[in-house]
Amino acid sequence: MDSPKSSCYIHTRTNPAICTRSSNLFQESEPSASFPIPVFSNAGNVDTLRYVHPEVEFAHRKQTPLPKRRTFGQISTPFQVEVQEALIYKAIPYIAIAAGVVLAFFLYKKCWKTQPHNGPIQPRTKEEHLGVIKFTPVGQKQIRQDERPAARARPNEGLKTVFGIANAFTTRDQGVHAKFVSDAKKRMQKAIQLNGNKWKDQDGDWNNVRALAQCSVGQILSQPEEKLRIVDLVRVVTLKVSLRIFFNASDKAINSQRSMEQLVLIGQRINDLWIASKDKSKPLPEWHSESNTDIHEALLAVCEAENPDEAEEVNPLKPEKNPMDWLLPAYETMWRVVLACVIELRFRNAENATIWCKALEEYVSDTSREKFKGTPTTPGVRGFCVNDIVKEALRLYPPTRRVYRRFTEDGEDVKADIEFCHRSNAQDAFGPDPLCFRPERWLKIRAHLGAEKTDTDVKIVEGERGFMPFAVVCPAGQSSTQAFGLKMIALLAGVLCEGLDKFNEWVLEDQKPYQDLTKPLPSDRAAFDKLYLIKRN
């Protein structure tokens, strides 16, 4: 029952009715009874019952009507008229448009997630890029182990045509892939004398590799010519070391004047073929065509081993015996990182360039594990070290910029963009300046671990930030080879910086295009083909 303060209840024998005074739509006909009726009232906060004649009560109500309630749209002032017109004719259309845009956006998102696409979904976040590398299509489960070689090989079919290779990147046979990876580990371990399980307890011996690199740099920089392409310097040094490691190439094969010309040719032809393979407007160049006879002959010459009787067969025209099977993943991915590192350290005039060069040159003379990783400055946290320089070079200039997977036979390639992940400022993964070469950023990343961790722990933290220079899994980045790839970059870059210090008459012909330290160096394969070192007058 409503409060007596707001309602009165009238009851007659002939005309029952309920009268609610709080109602704005109060209507009541005259009572038909002529005898007194009971009426509840509240006087002095005390409920009382009194009897009044119906005609008296009805007349009283007609003389004191309740205030009327203004309904929506009922206007009383000019100002209110203006407000209503503005609301109806101006604001409401914009509100309707905004609501429509929001609704369309949510419908699009819903359809994008649920409706079938014409092609595979490309990764957008670093987690999705990493997932594609690990054989996980966007929004799906990881594919089976036996399906992965095919997913890797399908996008690399063109490499078989352009370079005539048959290696771990082109095979669909899991056994062949596993054997190639195992052979790669053994060759790297042998190069630094880490046979068996020695890698767990002792440092690799880099003396032979260092001596070959230093000899090569000195041989090139001591030539009488006044001008030298910087790409030829880096390519030849990297090629010589790669040929010694993977083919045990003899001194005669790689250190003669004739071999110098052959190595320059090999480096340039590999780069040209790679660029041509990306030109969609032309057919793929054929490795077996007569136009490539020069590189075939040059490869045969520089791969000649110290002891031919013990050497394995080398034949550029046989896919399984083609030296390009090893040179593409070893040399081709290495030299561009080394080149970028040398230019950053020597020719961009960065504030800490002298410190970086000194650290690398010290590592050349002491290639111990401790020197590479740095000395602990606080319990469990190491200070600045050579490893930071190498990781920064790999971050800004990853050896493999993009990794492709094709998860179905008739499907399209899915691209994992490693360069994008390394240079992204998403979630402040690499600090506020991801496009700058700044090795010191790795001090902060390493300190995030809090204490000394295993290589696996470090990789997990770096992977969470999107750092994956060797596409997550690579023999050159594993503990069993003592991070062979990273140390090779440090050694070659250090030897080149050391040589440019020793033969200090060599300077870069034009440094102006590379002085903006807020931008990375160009990543195009032909970007430095016309960049020369010249001798000072």
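Select from segment 220-244 the residues that are in contact with a strand residue (DSSP E or B) (Cβ under 9 Å, 6 or more places away or on another chain) and among the aliphatic types (A, V, I, L, M) and list them in ascending order.
Ile220, Leu221, Leu228, Ile230, Leu233, Leu243 - these are the residues of segment 220-244 that are in contact with a strand residue (DSSP E or B) (Cβ under 9 Å, 6 or more places away or on another chain) and among the aliphatic types (A, V, I, L, M).
Quick test for you: out of Arg369, Arg395, Arg346, Arg382, pick the one residue that is open to solvent by 10 Å² or more (accessible area, probe 1.4 Å) and touching a Pro at 6+ places or on another chain (Cβ under 8 Å).
Only one candidate qualifies: Arg382.
Within segment 270-315, restricting attention to residues that are part of a helix (DSSP H, G or I) and touching a residue at least 60 places away in the same chain (Cβ under 8 Å), which residue is most open to solvent (accessible area, probe 1.4 Å)?
Filtering first and then ranking leaves Ile275.
I'd like the residue in segment 316-327 that is of a type outside the set (S, T, N, Q) and buried (at least 19 other Cβ atoms within 10 Å of the Cβ) and, out of all such residues, is farthest from His177 (Cα to Cα).
Among residues in segment 316-327 that are of a type outside the set (S, T, N, Q) and buried (at least 19 other Cβ atoms within 10 Å of the Cβ), the one farthest from His177 (Cα to Cα) is Pro316.
Would you be able to tell me the number of residues in segment 120-142 that are open to solvent by 30 Å² or more (accessible area, probe 1.4 Å) and of a type in the set (Phe, Trp, Tyr)?
So the count comes out to 0.
Within segment 147-161, does at least one residue satisfy the condition of being buried (at least 18 other Cβ atoms within 10 Å of the Cβ), part of a loop (DSSP other than H, G, I, E, B) and in contact (Cβ under 8 Å) with a residue 60 or more places away in the chain?
For segment 147-161, residues buried (at least 18 other Cβ atoms within 10 Å of the Cβ), part of a loop (DSSP other than H, G, I, E, B) and in contact (Cβ under 8 Å) with a residue 60 or more places away in the chain: absent.
Residues checked against (1) in contact (Cβ under 8 Å) with a residue 40 or more places away in the chain; (2) more than 27 Å from Val138 (Cα to Cα):
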{"position": "Ile389", "(1), (2)": "yes, yes"}
{"position": "Arg401", "(1), (2)": "yes, no"}
{"position": "Arg406", "(1), (2)": "yes, no"}
{"position": "Cys421", "(1), (2)": "yes, no"}
{"position": "Asp428", "(1), (2)": "no, no"}
{"position": "Asp433", "(1), (2)": "yes, yes"}
{"position": "Phe467", "(1), (2)": "yes, no"}
{"position": "Lys487", "(1), (2)": "yes, yes"}
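The values are calculated or read from the model by the stated rules, or taken from the named source; none is laboratory data. Just so it is clear, the structure is predicted and the values come from calculations on it, not from any experiment. Note that we place each Cβ from the backbone using ideal geometry, even for glycine, and neighbour counts take in every protein chain shown. The accessibility values were calculated without ligands, DNA or RNA, using every heavy atom of the protein model including side chains. Shrake-Rupley method; radii C 1.70, N 1.55, O 1.52, S 1.80 Å.
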